[in-house]
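Each remark here refers to the structure printed beneath this line.
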Amino acid sequence: MRFKLLPEAPDSLDLVADAQRAVPLVPGSEDDCCARLMRRLEFPSRDVARTWLTFLRALELARETASGTFVRESTDPTEEHLRGAFHERVYGAREVLDALDTDEPSDVDDVFAEFEKRVPVWETHRAAEDWRNIWRDRVERILAWAVRLDLAAERDGGYVRTHPDREQA
């Protein structure tokens, strides 16, 4: 399964480990988990906390149980693990990184132009007036996370892929 929700990339990957530690070891409801994330990490809203909880699931650092509660996984959030999970489980990550397989740096608009055809049709109907802005922002977040995870780098006003062999970690 690939997850679409993606928080803004933090200044440090330490926030990922902190967010994982905020998820309870004893299963809790989504509301309880979001409240803990907000309290411990000072997230500004439940929506931000919910996005982080979903992202932690994508990174295999938390999981939803069969009963619909959430629990922390014992997976260590090493950079190598985060790179692999990000590449495999975040919707659009592979495609955005593939768009960087060029000789020249690509800016956000170039990457989005390449990615645009992969936006699910139902998403274009759901937000008909501004779906391009929503998905361009999502591509920009994917790029920011790729840089944070050392899968891409900013260069000459654009982005380039780095260590293409690392995302398979």
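Of the residues examined, Ala146 is one that is surrounded by 18 or more Cβ atoms within 10 Å (Cβ to Cβ), part of a helix (DSSP H, G or I) and touching a residue at least 60 places away in the same chain (Cβ under 8 Å).
For every residue, the table says whether it meets (1) among the charged types (D, E, K, R); (2) assigned by TED's automatic domain parsing to the domain that holds Pro27.
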residue	(1), (2)
Ser74	no, yes
Gly84	no, yes
Leu100	no, no
Pro105	no, no
Val108	no, no
Ala127	no, no
Ala146	no, no
Arg155	yes, no
Tyr159	no, no
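The set of residues in the stretch 58-92 that are within 13 Å of Met1 (Cα to Cα) and either under 14 Å from the mean Cα position of the chain (by Cα) or in a helix (DSSP H, G or I) (or both) comprises Ala58, Leu59, Glu60, Ala85, Phe86, His87, Glu88, Arg89, Val90, Tyr91, Gly92.
Once the stretch 57-70 is narrowed to residues that are surrounded by 15 or more Cβ atoms within 10 Å (Cβ to Cβ) and free of Cβ contacts under 8 Å to residues at least 40 places away in the same chain, the residue that is nearest to Val119 (Cα to Cα) is Glu60. Would you please name the residue that is farthest from the chain's Cα centre (by Cα), looking only at residues in the stretch 103-122 that are in contact (Cβ under 8 Å) with a residue 24 or more places away in the chain and over 13 Å from Leu143 (Cα atoms)? Out of the qualifying residues, it is Glu104.
Across the stretch 20-57, the qualifying residues are those that are part of a loop (DSSP other than H, G, I, E, B) and among the small types (Gly, Ala, Ser), and the one among them that is nearest to the chain's Cα centre (by Cα) is Ser45.
Is there a residue being surrounded by 17 or more Cβ atoms within 10 Å (Cβ to Cβ), at pLDDT below 95 and among the β-branched types (Val, Ile, Thr) anywhere in the stretch 115-124? Yes, the conditions are met somewhere in the stretch 115-124.
For first residues located in the stretch 71-89 and at positive phi, partners that are of a type in the set (Asp, Glu) and lie 6+ apart or on another chain with Cβ distances below 9 Å do not occur.
The values are calculated or read from the model by the stated rules, or taken from the named source; none is laboratory data. Quick caveat: nothing in here was measured; it's all calculated off a predicted structure. All Cβ positions, glycine included, derive from the backbone under ideal geometry; neighbour counts span all protein chains shown.
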